[in-house]
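Reading through the structure tokens given below for one structure.
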Amino acid sequence: MIDAFLCDLAARRGEFTADVRSAQTLTSAQERNSLPSKLRELAGGKVHLSMREDKSLIGGMIVKIGSRLIDASVGRGWNVFERQLKSQSLTTQKGAA
């Protein structure tokens, strides 16, 4: 209950917490500069980072800000690429028939 209140209070002040899971530990420059500034633009306010390394990720990162999920992981990229190849293959097969 207290967590929900604090989360609501932070949102009213334009502050957000981003839960960041990355394949490897980010450099201090990435943690201090580039990532917070990009997330600030996206969230529209000040962003507090909660960082953790996730060895299950092949590469990239997954960021959760409130109910918004940003999947910039290599695994997701491969899944998108695989779907594109499959749909392209089906289109090519239909055209040949």
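The values are calculated or read from the model by the stated rules, or taken from the named source; none is laboratory data. Keep in mind it's a predicted model, so treat the numbers as computed, not measured. Note that we place each Cβ from the backbone using ideal geometry, even for glycine, and neighbour counts take in every protein chain shown.
Screening residue 79 with (1) surrounded by 11 or more Cβ atoms within 10 Å (Cβ to Cβ); (2) part of a loop (DSSP other than H, G, I, E, B) gives one miss only, at (2). Tell me, yes or no, whether the range 64-75 has at least one residue that is among the polar types (S, T, N, Q), in contact with a helix residue (DSSP H, G or I) (Cβ under 8 Å, 6 or more places away or on another chain), surrounded by 15 or more Cβ atoms within 10 Å (Cβ to Cβ) and at pLDDT 85 or above. No: the range 64-75 contains no residue that is among the polar types (S, T, N, Q), in contact with a helix residue (DSSP H, G or I) (Cβ under 8 Å, 6 or more places away or on another chain), surrounded by 15 or more Cβ atoms within 10 Å (Cβ to Cβ) and at pLDDT 85 or above. Annotation: of all residues in the range 1-52 being of a type in the set (A, V, I, L, M) and closer than 12 Å to residue 65 by Cα, the one that is farthest from the chain's Cα centre (by Cα) is 11.
For beta carbons closer than 6 Å, sequence separation of 6+ or different chains, a first residue in the range 20-32 that is within 14 Å of residue 53 (Cα to Cα) and modelled with pLDDT of 85 or more and a second that is part of a loop (DSSP other than H, G, I, E, B) and charged (D, E, K, R), the qualifying pairs are 21/54.
When residue 50 is tested against the conditions (1) polar (S, T, N, Q); (2) under 26 Å from residue 8 (Cα atoms); (3) not in a strand (DSSP E or B), the lone failure is (3). If the condition is being surrounded by 15 or more Cβ atoms within 10 Å (Cβ to Cβ) and closer than 24 Å to residue 79 by Cα, then the range 43-62 contributes 57, 60, 61, 62. Of all residues in the range 1-31, those being under 13 Å from residue 43 (Cβ atoms), of a type in the set (Gly, Ala, Ser) and part of a loop (DSSP other than H, G, I, E, B) number 1.
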